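*Asks:* I'd like to ask you about the structure that follows.
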Amino acid sequence: MGKEENKQEHRPTVFQQTYFHGTKADLKLGELIEPGKISNFGKQKNARYIFLTATLDAAIWGAELAIGEGRERIYLVEPTGEIEDDPDLTNRKFPGNPTKSYRSTLPFRIVGEVTAWEGHPKEQLENMKAALAKLKDDGVDSLNDE
């Protein structure tokens, strides 16, 4: 490989990581998603963390499993500060964070909405809801409630 080709391989990219947030909340472009609201998961108390993911599939789960009666939505979000791995998924279920699920105590800005997506099959969704209900019945709480 010549010097010119090698230089091109190491150029920084102009593309940023895309992050998603699945919910049933009706939000607007530019709005901030902030901690302190009632959580969609765990003990459903005021959330210490807010969540985002770099995979559309994980965002779809977030939208489908969120509490509330609103329409399931997936927003494109931009973190305003540091993010860290979501310990419920990375430490308990999926070592290495293949779901690319993260949390933060700092807001996310809504920069867009994904309007064309397909949810999980009904049977798969019902199985997930049953598994989450069993965890709750067994007293297994979210690490994010701590």
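*Asks:* Taking Asn40 and the conditions (1) modelled with pLDDT under 65; (2) loosely packed, with under 10 Cβ neighbours inside 10 Å, which numbered condition does it fall short on, given that it satisfies the others?
*Replies:* (2)
*Asks:* Note down all Cβ pairs under 8 Å where the first residue falls in the range 46-74 and is touching a residue at least 60 places away in the same chain (Cβ under 8 Å) and surrounded by fewer than 20 Cβ atoms within 10 Å (Cβ to Cβ), the second is in a loop (DSSP other than H, G, I, E, B) and of a type in the set (Phe, Trp, Tyr), and they're at least six residues apart or on different chains.
*Replies:* Leu56/Trp117; Leu65/Phe41
The values are calculated or read from the model by the stated rules, or taken from the named source; none is laboratory data. Quick caveat: nothing in here was measured; it's all calculated off a predicted structure. Positions of Cβ are generated from backbone atoms using ideal geometry, with glycine treated the same way; all protein chains shown enter the neighbour counts.
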